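The values are calculated or read from the model by the stated rules, or taken from the named source; none is laboratory data. Quantities reported herein were computed from a predicted structural model and do not represent experimental measurements. When we count neighbours, we look across all protein chains shown, and the Cβ atoms used for this are built from the backbone with ideal geometry, even at glycine. Note: areas computed on protein heavy atoms with side chains; ligands, DNA, RNA excluded. Shrake-Rupley method; radii C 1.70, N 1.55, O 1.52, S 1.80 Å.
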Amino acid sequence: MSLTKRSAKQLLKYGLVSMPLNGKKPLLKKWPQYFIERPLSKQNIENGLLTETGKLITYDDSKNLGILTGAISNCIVIDIDDMGVMKKINQLGGLPETWTSKTRRGFHLYFNYDKNIHSTSLWSQIDVLSDGKQAVAPPSWNVEGRRYEWVISPKMVTKADLPYWFIKLLSNTNNGQEPSPTVYTNTNEFKRSAYESALQSVNWLGVFSKHTSNIRGNGRWKSSKCPFHNDKNNSFSFCATDGGWICHAGCGKGNGLHFLERIYGISKRKAWLLINGKDVYV
């Protein structure tokens, strides 16, 4: 078996969806939607990917591998090309040990997916790769003829969550200054924080396990069969920490409260009572 196929299968074991690249360029058109509609399998890696025009794109050693970032692979990649920014990162709080690969000019750091973080650039030296993006993965070749390689592989550590300070930094507009402690300026802001805390206190994995099947994934975001339609392809994703969910086949999306409303056919008030441990006889 070729190294590329073997690596793609290994990545898939860790929930990372990969595709063949020409250098850094995807060979599939409309590739983000392609893998949502056709979840990647070991057989696809072995036999190749069939395009809408009937062209077969294979995973062979003449091609590089790109990992689809975002919900589909339960990962956000922090692409650091200028290692000079690491001093600033460490001063602000540092990044936890996580899956890390060596690139031509720096590193790719893999973190668990967070639906509130979007693809962006930070300080013009760091790229944040989430939904709709891809990151070149080991054992691909760079333009200098050297391979991307794992420094900290998925076999060595568990993929980490992004630290709170970094998430706050991305949401701030103060040019990367250290985020300030949370200060509630009004009652609505306080209520919103309490609402989010309540969602995060629920055992969402247990909730979704009652209504979905074929649950897969090692991180916070899992894939499963959709409970709202006759699903054969694991087109449903949910977040085990806050209950966020989406059906990639079009049934809808929402937070954990919306899921309880819909799955039980109850009011928002009753759904709120449920997540706060009250019995509403559903």
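Can you run down the residue pairs with Cβ atoms below 8 Å, 6 or more apart or on separate chains, where the first is in segment 82-106 and at pLDDT 85 or above and open to solvent by less than 50 Å² (accessible area, probe 1.4 Å) and the partner is among the β-branched types (V, I, T) and in a helix (DSSP H, G or I)?
Matching pairs, first to second residue: L95/I89.
Across segment 50-81, what is the total count of residues that are open to solvent by less than 40 Å² (accessible area, probe 1.4 Å) and part of a loop (DSSP other than H, G, I, E, B)?
Of the residues in that region, 4 qualify.
Out of segment 28-46, which residues are open to solvent by 80 Å² or more (accessible area, probe 1.4 Å) and either in a strand (DSSP E or B) or within 15 Å of S18 (Cβ to Cβ) (or both)?
R38, K42, Q43
Given the residues N230, N234, N214, which is the only one that is at positive phi, free of Cβ contacts under 8 Å to residues at least 24 places away in the same chain and either touching a strand residue (DSSP E or B) at 6+ places or on another chain (Cβ under 8 Å) or open to solvent by 70 Å² or more (accessible area, probe 1.4 Å) (or both)?
Testing whether each residue is at positive phi, free of Cβ contacts under 8 Å to residues at least 24 places away in the same chain and either touching a strand residue (DSSP E or B) at 6+ places or on another chain (Cβ under 8 Å) or open to solvent by 70 Å² or more (accessible area, probe 1.4 Å) (or both) leaves just N214.
Restricting attention to segment 217-227, which residues are open to solvent by 10 Å² or more (accessible area, probe 1.4 Å) and not in a loop (DSSP other than H, G, I, E, B)?
W221, K222, S223 - these are the residues of segment 217-227 that are open to solvent by 10 Å² or more (accessible area, probe 1.4 Å) and not in a loop (DSSP other than H, G, I, E, B).
Do we find that V202 is surrounded by 13 or more Cβ atoms within 10 Å (Cβ to Cβ), under 24 Å from the mean Cα position of the chain (by Cα) and at pLDDT below 85 in this structure?
In short, yes.
Being within 23 Å of A160 (Cβ to Cβ) and among the hydrophobic types (A, V, I, L, M, F, W, C), is that true of even one residue in segment 216-226?
yes
Could you list, in sequence order, all residues of segment 107-129 that are outside any strand (DSSP E or B), aromatic (F, W, Y) and at pLDDT 90 or above?
Y113
Of everything in segment 245-263, what is touching a helix residue (DSSP H, G or I) at 6+ places or on another chain (Cβ under 7 Å) and in contact (Cβ under 8 Å) with a residue 40 or more places away in the chain? Give them in sequence order. Give the derivation first.
Residues of segment 245-263 that are touching a helix residue (DSSP H, G or I) at 6+ places or on another chain (Cβ under 7 Å), as a first pass: 245, 248, 255-257, 260-261.
Result: H248, N255, G256, L257, L260.
Enumerate the pairs (first residue in segment 1-26 and farther than 19 Å from M156 by Cβ and open to solvent by 10 Å² or more (accessible area, probe 1.4 Å); second residue anywhere and part of a helix (DSSP H, G or I) and not small (G, A, S)) with beta-carbon separation below 6 Å, excluding pairs fewer than 6 apart on the same chain, so at least 6 apart or on different chains.
Within 6 Å, the pairs are K5/I45; V17/F35; V17/I72.
Among the residues of segment 119-134, write down those that are under 18 Å from I36 (Cα atoms) and either open to solvent by 40 Å² or more (accessible area, probe 1.4 Å) or touching a His at 6+ places or on another chain (Cβ under 9 Å) (or both). Break it down stepwise before answering.
Residues of segment 119-134 that are under 18 Å from I36 (Cα atoms), as a first pass: 129-134.
Matches in segment 119-134: L129, S130, D131, G132, K133.
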